[in-house]
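The values are calculated or read from the model by the stated rules, or taken from the named source; none is laboratory data. Every value quoted in this text rests on a predicted model; they were computed, and no experiment measured them. Cβ placement follows ideal geometry from the backbone for every residue including glycine, while neighbour counts extend to all protein chains displayed.
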Amino acid sequence: MWKNTKRVSTDMKMEKEKPMRFLMDIIMPPLKSSKHITDMASMQNNNYMSLSNTNSEKNMSYNCCNYIQKLLNNLNILRLNSRLCDVDIIVEGQIIKAHRAVLAASSPYFNAMFTGDLCEKDQRSVELHAISPRALTTLIDFVYSGEIEINQNNVQELMIAADMLELEDVVLGCSEYLIKELHAVNAIGIYRYLQNYTIGKKLKSAALQFIQSYFPQIINEDEIYELPKDQIIKFLSSENLQVDSEFQVFQTAIRWMNYDIVDRRRYVFEILKYVRLSLLPLGLLERAITECNDSSLRVALKSVHNDLLSKKGCLVPLNVHPRLGAKKHIFVVGGSKRELNNVLNRSFESSYVTIEKFDTFKREWCKAPNMTVSRIVPGVTSLNGNIYVVGGEHGSNSLACGECYDPQENQWTQITSMIIPRCEFGLCAWNGYLYAVGGWVGGDRGDIGGSIERYNPHTNVWSIVGSLPQPRFSMGVVSYEGLIYMVGGCTEYQRFSQDLLSYNPITGEWNTLPSMSVARSQMGVAVLDDCLYVVGGNNRSQVLSSVERYSFKKRKWSTIPSMALGRSGPAVAAVDGLLYVIGGYKTLENPFYRAQFTVASVECFNPLTNSWSDCPPLPESRAEAGAVVL
C-alpha cells in the first residue's frame with residue numbers, strides 16, 4: 001500500500017512538472033555559446049535548457065550606470081545608522097562616525113593617517129584641530145555623496161578645510177563659486193586672502209585678471225588702498241591694466257599715499273616710478289598739485305612737474321608707451337569713399353575728415369573727434385599715447401600739415417608742417433621721434449620722394465635726416481627694435497616692388513633683407529608677435545587677397561591663409577594678439593570697364609589658430625585710411 005502510494009505521488013509530481021518545463025522552453029530559448037557547454041538537456045530529460053555550440057565569439061558587457069551612486073548611498077546609510085563604522089572623528093567635542101576605508105579612498109590626508117605609520121592608524125578615535133564641526137560634517141557628507149552646497153556663508157571655511165583634507169574637488173568647486181562672485185568690491189580682498197595660502201591657483205589667477213581688467217572700477221573701492229607697498233607696486237607696474245588713461249593709474253598712486261600719508265609719504269618717488277607720468281597732460285598734473293594737502297607730497301609732485309616741463313627726464317622717463325592692456329581701441333583715420341553705384345563718376349568720390357574708433361573688447365564702432373582737414377593716404381602713427389596724422393592728399397594736392405590727437409583731452413591740435421608735402425608715404429615712431437619716409441611729394445609736377453624727415457615732439461620741429469637708396473612711394477613702413485623697415489611700393493623703375501629694407505636711424509645705413517614672394521604696392525602693414533605682416537595691395541591689374549609674414553628673428557618670409565576678400569589700400573592694425581584688416585578697395589570688372597570701389601568689411605587674423613574671422617564692419621566704406629591702436 002505504501003509502495004503504491006509512493007508511486008502515485010511520483011507520477012503526480014511528474015505530471016505537474018510538464019507544464020513548468022513547457023513554460024521554461026518558451027521563456028528561456030536555447031542560448032548561443034562560443035565554448036562547449038555540457039548538454040544540460042541530457043541531465044534534465046532534454047526539456048529544460050539547450051545551449052548550442054557555435055563558432056560565435058561575442059560577449060556582452062553589462063554596466064550598471066547608477067551602481068556607484070547606489071553604493072555610496074548604502075555606505076552613507078550605514079554611516080548614519082552607525083553600522084560597521086570603525087573610526088570616530090572628534091572636532092571640538094563633537095563626534096562624527098565614519099569608515100576608515102571610505103575616508104582613506106577619498107582623501108590623501110586620511111589615507112596617510114590610516115595607512116601610514118602615524119599613531120592614529122590603529123586608534124578608534126581621532127581628534128582634528130584647525131577645522132570646525134560644521135565644515136567637517138559638510139565635507140564628510142560630500143565624501144559619502146559627491147555633493148556639496150556652497151554659499152557665501154561657508155565658502156571661505158570650506159575652501160580652507162578642504163585644502164587641509166586634500167579634497168581637491170571641493171577646493172575647485174569653491175574656486176569656481178568665488179570666480180563667479182568676483183566683483184570690484186571683493187576682488188582685492190580675495191586676491192590678498194589667497195596670498196597667504198597655496199590653494200586656489202585658478203582663483204588667484206582669475207582674481208588678478210579681474211583686477212587688471214576692471215581697474216577703473218577697482219580704484220573706486222577702499223580695499224586697494226589698504227594694500228601694502230609691495231602689492232600696490234605690483235599692480236601699478238602691470239602692463240595689463242585695462243585703464244582708460246594713465247591718469248587713472250596716477251590717481252591710484254596719489255590716493256594710496258594719502259590713505260596713510262604719515263607713513264607713506266616717504267615712498268612717493270618709489271611709487272611714482274611705476275606711473276607713466278609723461279603720458280599725463282600737464283594740466284591734470286597741475287590740478288593734482290593744487291588739490292594736494294600734504295606739503296611733502298606737493299613738493300615732490302612739483303619736482304616731477306618741472307622735470308616734465310623742462311623735458312630733462314631726470315625724474316621721469318620721457319619716452320614711454322601706453323600699457324598693453326590700455327591699448328584697446330583701433331582708430332581709423334582719414335581715407336576716401338567711392339561707392340559701387342558711382343564707380344564711373346569720380347565726382348562722387350569723397351575724402352574723410354572723420355575718425356572711426358573700434359573697441360576690440362566690446363567689438364563696437366563709435367566716432368572720435370574729427371580732424372581739422374580731410375586726408376587721403378595720410379601718414380598715421382602713435383607716440384607717447386597720442387595719435388599723429390601728417391600729410392596725405394586733399395583735393396589732388398599733397399599736404400605737409402599735421403595734427404595730434406590727445407585721447408585724454410579728446411581733442412586735436414596742430415603741429416608744425418613737414419618740410420616737404422607728402423602723400424602715400426611711410427610714417428612711424430622711433431625712439432621718441434616721428435620719421436616720414438619717401439612718398440609722392442609736392443611740387444609743380446609732383447615727383448617720387450627720396451628724403452627722410454624727423455619730427456621732434458618736444459621742440460615741434462621737423463628736419464631732414466636722411467635719404468632712401470631709391471625714391472619710393474606707396475610702400476609699407478614700420479619700426480621694430482631699433483630699426484625702421486620699408487617693404488614693397490613703387491619706384492621710378494618698378495611699379496610693384498618685392499624689396500624689404502631696414503634703416504638704422506643712428507648710423508643712417510640701409511640694409512637689404514630677403515624679398516617678399518609677391519611684388520605689391522598699396523598694401524597694409526603691421527607688426528605682430530615679432531613678425532611683419534604685409535596684407536593685400538595691388539600687383540599690376542590684380543587686387544590681392546594674399547598675406548605674407550616676415551619673422552624678424554628668423555629673417556624669413558612665410559605665407560599665411562589669404563583673406564576672404566582681396567583689397568588694396570586697407571587699414572591694418574595689430575592689437576591683443578590679433579591682426580585687423582579694415583576696409584580698402586575692391587575691383588569691379590566686366591567686359592566693358594574695370595573700376596575700384598570702397599568696402600566696409602573688416603577681417604581679423606588669429607596667429608594661434610592660423611585663421612581669419614569676420615568682425616563688425618565699418619559704419620561706412622573706406623579705403624586709403626591709416627590705422628593706429630591706443
Hits in the stretch 513-554 - residues which are within 30 Å of GLU589 (Cα to Cα), outside any loop (DSSP other than H, G, I, E, B) and small (Gly, Ala, Ser) | SER521, GLY524, ALA526
Pairs only if they're at least six apart or on different chains, beta carbon under 6 angstrom, first in the stretch 180-209 and surrounded by 18 or more Cβ atoms within 10 Å (Cβ to Cβ), second not in a helix (DSSP H, G or I); list them, first residue then second.
-> ALA184/TYR214; ALA184/GLU221; LEU194/GLY200
Only one of (1) outside any strand (DSSP E or B); (2) closer than 19 Å to PHE361 by Cα is not met by GLU620, so which one is it?
-> (2)
Got a number for residues in the stretch 460-470 being assigned to a loop (DSSP other than H, G, I, E, B) and buried (at least 19 other Cβ atoms within 10 Å of the Cβ)?
-> 1
Filter the stretch 555-575 down to residues that are under 24 Å from the mean Cα position of the chain (by Cα) and assigned to a strand (DSSP E or B) and give me whichever is surrounded by the fewest Cβ atoms within 10 Å (Cβ to Cβ).
-> ILE560
Matching residues in the stretch 497-512 - criterion: being in a loop (DSSP other than H, G, I, E, B) and within 18 Å of LEU532 (Cβ to Cβ) = GLN498, ASP499, PRO505
Within the stretch 532-552, is even one residue of a type outside the set (Val, Ile, Thr), in contact (Cβ under 8 Å) with a residue 60 or more places away in the chain and over 24 Å from TRP612 (Cα atoms)?
-> no
Go through the stretch 254-275 and count every residue that is within 27 Å of the chain's Cα centre (by Cα) and crowded, with 21+ Cβ neighbours inside 10 Å.
-> 1
Test: residue in the stretch 508-527 that is out of contact with any Ser or Thr (no Cβ under 7 Å at 6 or more places or on another chain), aliphatic (A, V, I, L, M) and over 21 Å from GLY392 (Cβ atoms) | yes
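Go through GLN152, GLN123 for me and flag whichever is in contact with a Phe, Trp or Tyr (Cβ under 9 Å, 6 or more places away or on another chain) and farther than 28 Å from GLN69 by Cβ. Talk me through it step by step, then tell me what you get.
Details: GLN123 fails: in contact with a Phe, Trp or Tyr (Cβ under 9 Å, 6 or more places away or on another chain).
Testing whether each residue is in contact with a Phe, Trp or Tyr (Cβ under 9 Å, 6 or more places away or on another chain) and farther than 28 Å from GLN69 by Cβ leaves just GLN152.
For the stretch 84-116, what are the residues that are acidic (Asp, Glu) and more than 49 Å from the chain's Cα centre (by Cα)? Talk me through it step by step, then tell me what you get.
Taking the stretch 84-116 as the starting set, the residues that turn out to be acidic (Asp, Glu) are 86, 88, 92.
Across the stretch 84-116, the qualifying residues are ASP86, ASP88.
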Over the stretch 572-630, the set of residues in contact with a Gly (Cβ under 7 Å, 6 or more places away or on another chain), among the aliphatic types (A, V, I, L, M) and more than 29 Å from ASP244 (Cβ to Cβ) is VAL599, ALA623
Per the list (1) within 26 Å of MET164 (Cα to Cα); (2) at pLDDT 90 or above; (3) not in a helix (DSSP H, G or I), residue check on LEU75 breaks on (3)
Residues in the stretch 69-85: is at least one buried (at least 16 other Cβ atoms within 10 Å of the Cβ), over 30 Å from LYS180 (Cα atoms) and of a type in the set (D, E, K, R)?
-> yes
The residue from SER303, SER295 that alone is outside the structural domain of ALA600 (by TED's automatic domain parsing), farther than 26 Å from GLY379 by Cα and free of Cβ contacts under 8 Å to residues at least 12 places away in the same chain is SER295
Residues ILE419, ILE330, ILE387: which one is modelled with pLDDT of 95 or more and surrounded by fewer than 21 Cβ atoms within 10 Å (Cβ to Cβ)?
-> ILE419
Has the stretch 393-415 got at least one residue that is part of a loop (DSSP other than H, G, I, E, B) and buried (at least 23 other Cβ atoms within 10 Å of the Cβ)?
-> no
Does LYS97 count as of a type in the set (Lys, Arg) and either out of contact with any strand residue (DSSP E or B) (no Cβ under 7 Å at 6 or more places or on another chain) or in contact (Cβ under 8 Å) with a residue 60 or more places away in the chain (or both)?
-> no
Out of the residues in the stretch 218-243 that are at pLDDT 90 or above and of a type in the set (S, T, N, Q), state the one that is farthest from ASP359 (Cα to Cα).
-> GLN231
State the number of residues belonging to the stretch 94-123 that are closer than 19 Å to GLU157 by Cα and not in a helix (DSSP H, G or I).
-> 3
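Any residue at all in the stretch 124-131 that's at pLDDT 85 or above, buried (at least 17 other Cβ atoms within 10 Å of the Cβ) and part of a loop (DSSP other than H, G, I, E, B)?
Here is the first cut: in the stretch 124-131, the ones at pLDDT 85 or above are 124-131.
This time we only want the ones that are buried (at least 17 other Cβ atoms within 10 Å of the Cβ), so: 126, 128, 131.
Subset that is part of a loop (DSSP other than H, G, I, E, B): 128, 131.
Yes, some residue in the stretch 124-131 is at pLDDT 85 or above, buried (at least 17 other Cβ atoms within 10 Å of the Cβ) and part of a loop (DSSP other than H, G, I, E, B).
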Kindly check whether there is at least one residue in the stretch 197-205 that is within 23 Å of the chain's Cα centre (by Cα) and not in a helix (DSSP H, G or I).
-> yes
Show the residue pairs that are 6+ apart or on different chains and have beta-carbon atoms under 6 Å apart, the first residue being within the stretch 357-372 and closer than 13 Å to ILE387 by Cβ, the second being loosely packed, with under 13 Cβ neighbours inside 10 Å.
-> LYS357/CYS366
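Go through the stretch 222-253 and count every residue that is polar (S, T, N, Q), within 25 Å of the chain's Cα centre (by Cα) and part of a helix (DSSP H, G or I). Can you show your working first?
Of the stretch 222-253, the ones polar (S, T, N, Q) are 231, 237-238, 240, 242, 245, 248, 251-252.
If we keep only those that are within 25 Å of the chain's Cα centre (by Cα) as well, we get 231, 237-238, 240, 242, 245, 248, 252.
From what is left, the residues that are part of a helix (DSSP H, G or I) are 231, 248, 252.
Count: 3.
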Only residues in the stretch 120-135 that are closer than 26 Å to CYS174 by Cβ and of a type in the set (Asp, Glu) count as the first member; pair them with residues that are at pLDDT 90 or above and surrounded by 13 or more Cβ atoms within 10 Å (Cβ to Cβ), Cβ under 9 angstrom, at least 6 apart or cross-chain, and list the lot.
-> GLU127/ILE89; GLU127/ILE90; GLU127/VAL91
Qualifying residue in the stretch 160-170 (condition: surrounded by fewer than 18 Cβ atoms within 10 Å (Cβ to Cβ) and touching a Pro at 6+ places or on another chain (Cβ under 6 Å)) = yes
